[in-house]
1. In this structure, is LEU153 of a type outside the set (S, T, N, Q), at pLDDT 50 or above and open to solvent by 80 Å² or more (accessible area, probe 1.4 Å)?
2. I need a count of the residues in the stretch 275-310 that are closer than 24 Å to ARG172 by Cα and either at pLDDT 85 or above or out of contact with any His (no Cβ under 9 Å at 6 or more places or on another chain) (or both).
3. Go through (1) touching a residue at least 12 places away in the same chain (Cβ under 8 Å); (2) surrounded by fewer than 10 Cβ atoms within 10 Å (Cβ to Cβ) one by one and return the number of the condition LEU101 breaks.
4. If LEU166 satisfies every condition in (1) out of contact with any Ser or Thr (no Cβ under 9 Å at 6 or more places or on another chain); (2) part of a helix (DSSP H, G or I) but one, which is the exception?
5. Read through the list (1) open to solvent by less than 50 Å² (accessible area, probe 1.4 Å); (2) not in a helix (DSSP H, G or I), then give the number of the only condition that GLN144 fails.
6. Please state which one of LYS114, LYS122 is on the phi > 0 side of the Ramachandran plot and surrounded by 14 or more Cβ atoms within 10 Å (Cβ to Cβ).
7. Suppose we keep only residues that are free of Cβ contacts under 8 Å to residues at least 12 places away in the same chain and outside any helix (DSSP H, G or I) within the stretch 249-291. Which one would you say is least open to solvent (accessible area, probe 1.4 Å)?
8. If you take the residues in the stretch 1-60 that are in contact (Cβ under 8 Å) with a residue 12 or more places away in the chain and part of a helix (DSSP H, G or I), which one is most open to solvent (accessible area, probe 1.4 Å)?
Amino acid sequence: VFRTLSTSDDVEDRETEKGRLEEAYEKCDRDLDELIVQHYTELTTAIRTYQSITERITNSRNKIKQVKENLLSCKMLLHCKRDELRKLWIEGIEHKHVLNLLDEIENIKQVPQKLEQCMASKHYLNATDMLVSAVDSLEGPLLQVEGLSDLRLELHSKKMNMHLVLIDELHRHLYIKSTNRVGQRNKEKGRISSLVKDASPVPLMDVTNLSTPRKFLETSQFSTPGSASMRETSLLEIKEDTELDPEENSAVFMGILIKGLAKLKKIPETVKAIQDRLEQELKQIVKRSTTQVADNGYQRGENLSQENQPR
């Protein structure tokens, strides 16, 4: 417009050009008003739709911003919860371990009483297992418990002296119990012969079928290639029945004693004690046997004299 007006030569041309421009402007304004009137409804709908879209976009941005902030907050809370859960988990493990230790302490406190009962009933294998387990616990996981120091010393002392009791029981069954059975059978045979009123001499004892410790190992085992493993297996399979008399079967009872000594790791001391006491025990066997034979002979002589048979 400025360029057109500035290029005009005189005022008249400018006025003419101005009038023409104003007319064109008015025409454009009228056309625009007509178009607005014609498309008023669509225009209003478009404006409202655009406004609604703008509001939704704004709300969505605000919600996304809020969600992002909430996610960051949840992430921080989850980190805190994870640390708290890990702490609670560790505390749970610690409490469980403490409860196990308390149960173990409670059981160990009852060991002396149970040990005394087992020793009184001669269930030595149970007593040995109980004692070894208790001492291992007291010198292992419970080493730092100061309240158990007296009990630890007491059980350790009992463990150090336990093998002496087992060795004495082993010697009693090796040398005394077995020979008592022979003497008992001899007395029974003598009693039977005294009832028979004749001059026949008392028959000799048949010792081939007596159950002695020597018979515990069969002669075939010495020549069989797998005999050693057989003997070891039989010893490992020996179990103690708390309901039965432990001394009912001497062979099994001696196996139990040896197993107990092995658990106490006192086999070398046992072998040495057997070697040291072998001569003394054999002499005692000879002495007791001599006394029994003399007593039986004296009783037999008395019976014969009463029957007027001086021979």
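The values are calculated or read from the model by the stated rules, or taken from the named source; none is laboratory data. Since the structure is predicted, the reported quantities are computational estimates derived from the model, not experimental observations. Note that each Cβ is placed from the backbone with ideal geometry, even for glycine, and that neighbours are counted across all protein chains shown. Each accessible area value is taken on the protein alone, full model and side chains, heavy atoms only, with ligands, DNA and RNA left out. Shrake-Rupley method; radii C 1.70, N 1.55, O 1.52, S 1.80 Å.
1. Details: of a type outside the set (S, T, N, Q): yes; at pLDDT 50 or above: yes; open to solvent by 80 Å² or more (accessible area, probe 1.4 Å): yes.
Yes: the conditions hold for LEU153.
2. Narrowing the stretch 275-310 to residues closer than 24 Å to ARG172 by Cα: 275-296.
From the residues that got through so far, the ones that are either at pLDDT 85 or above or out of contact with any His (no Cβ under 9 Å at 6 or more places or on another chain) (or both) too are 275-276, 278-280, 282-296.
Of the residues in the stretch 275-310, 20 are closer than 24 Å to ARG172 by Cα and either at pLDDT 85 or above or out of contact with any His (no Cβ under 9 Å at 6 or more places or on another chain) (or both).
3. With (1) touching a residue at least 12 places away in the same chain (Cβ under 8 Å); (2) surrounded by fewer than 10 Cβ atoms within 10 Å (Cβ to Cβ) applied to LEU101, the lone miss is (2).
4. In the conditions (1) out of contact with any Ser or Thr (no Cβ under 9 Å at 6 or more places or on another chain); (2) part of a helix (DSSP H, G or I), LEU166 misses (1) alone.
5. (1)
6. Values: LYS114 fails: on the phi > 0 side of the Ramachandran plot.
Being on the phi > 0 side of the Ramachandran plot and surrounded by 14 or more Cβ atoms within 10 Å (Cβ to Cβ) holds for just one of LYS114, LYS122, which is LYS122.
7. Here is the first cut: in the stretch 249-291, the residues free of Cβ contacts under 8 Å to residues at least 12 places away in the same chain are 249, 262, 265, 267-268, 271-272, 275-276, 278-280, 283, 286-287, 290-291.
Still in the list and also outside any helix (DSSP H, G or I): 249, 265.
Numbers: ASN249: 79, LYS265: 167 Å².
Taking the candidates together, the pick is ASN249.
8. Applying the first criterion (in contact (Cβ under 8 Å) with a residue 12 or more places away in the chain) to the stretch 1-60 yields 1, 4-5, 17-18, 21.
From the residues that got through so far, the ones that are part of a helix (DSSP H, G or I) too are 4-5, 17-18, 21.
Working: THR4: 54, LEU5: 45, GLU17: 32, LYS18: 97, LEU21: 54 Å².
Per the stated criteria, the residue is LYS18.
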